[in-house]
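J.: Pasting in a structure now, in structure tokens, and then I'll have a few things to ask.
Every number in this text was worked out from the coordinates using simple rules, so none of it is lab data. Here the structure is a predicted model, which is why all the values come from computation and not from measurement. Glycine also receives a Cβ, built like all others from the backbone with ideal geometry; neighbour counts cover every protein chain displayed.
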């Protein structure tokens, strides 16, 4: 059986705050995630 990896989807839950993103990544690692995925975008680029 292939090795299954767990990816935590943080998306934009960090609300643009780097320290919050770091905390979420650390908590994801504690929970057993092998990787985390973020979404970073700027509202002005969406228009």
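J.: Among 5, 26, rank each residue by its count of other Cβ atoms within 10 Å, from fewest to most, as a rough exposure measure.
T.: Details: 5 8, 26 11.
Ranking 5, 26 by Cβ neighbours within 10 Å, fewest first, gives 5, 26.
J.: Then there's this: How much length is gained if the chain between residue 7 and residue 40 is pulled fully straight, taking 0.36 nm per residue apart and subtracting their Cα-Cα distance, in nm to one decimal? Walk me through the intermediate numbers first.
T.: Values: separation 33, 0.36 × 33 = 11.88 nm, distance 1.67 nm.
Extra length available between residue 7 and residue 40 comes to 10.2 nm.
J.: In vacuum, with every alpha carbon of the chain counted as one equal point scatterer, what does the Debye formula give for log10 I(q)/I(0) at q = 0.13, 0.17, 0.22, 0.31 Å⁻¹? Two decimals, please.
T.: So the normalised log intensities are -0.36, -0.54, -0.75, -1.12.
J.: Additional query: Most exposed first by the Cβ proxy, i.e. fewest other Cβ within 10 Å, how do 14, 44 rank? Intermediate results must be reported in sequence, preceding the final value.
T.: Values: 14 18, 44 6.
Result, fewest neighbours first: 44, 14.
J.: Going by C-beta contacts inside 10 Å, put 23, 3 in order with the fewest on the left.
T.: Details: 23 12, 3 5.
Starting with the residue having the fewest Cβ neighbours, the order is 3, 23.
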